Amino acid sequence: MAFEHSVGFEPAERLARDRDSVRRRFWSKLKRVIANVPFAEDLLAAYYCAFDKQTPRHVQASLLGAIAYFILPFDFVPDVLPVLGFTDDAAVLATAIRIVAAHITPEHREAARAALKRGIGNGVA
């Protein structure tokens, strides 16, 4: 008898394989929750790195998995909880960024800062 061991990331892994869905759902969720996400610049830098054609595939896969976890409607700590809601998302993202930090370029970070300056609600995509 075989048993599957899981920590609950399967939906994020499946979602991460659908790049168009990640792109669309990322911007939709970010616009809704931007005021409550203290790690928005890191999240956006990871997004730009994940969709950069120069980024190696294994790095894209790691970042897309973390971004997919962020956009899922359910996770270990519900996002609607004040203060604590995004702690698990931040931890997943921080881990992914730590693993691939050398691939997140100053250009990715500048694009993230520029998007935040323009305002996420103003059609940034």
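No value in this document is a laboratory result; all are computed from the given coordinates. Quick caveat, the model's predicted, so the values are computed rather than measured. Positions of Cβ are backbone-derived with ideal geometry, glycine not excepted, and every protein chain shown enters the neighbour counts.
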* Structure fact -> If each K or R counts +1 and each D or E counts -1, the residues other than ALA50 whose Cβ falls under 10 Å of its Cβ total +1
* Asked: Given the Cα-Cα distance of ALA91 and ARG32 and 0.36 nm per residue of separation, how much length would full extension add, in nm?
  -> 19.2 nm
* Note down the net charge around ARG109, summing +1 for each Lys or Arg and -1 for each Asp or Glu among other residues with Cβ under 11 Å from its Cβ. => -3
* Mind giving me the FRET efficiency for SER21 and ILE99? R0 is 22 Å, r the Cβ-Cβ distance, nearest 0.05 is fine. => 0.45
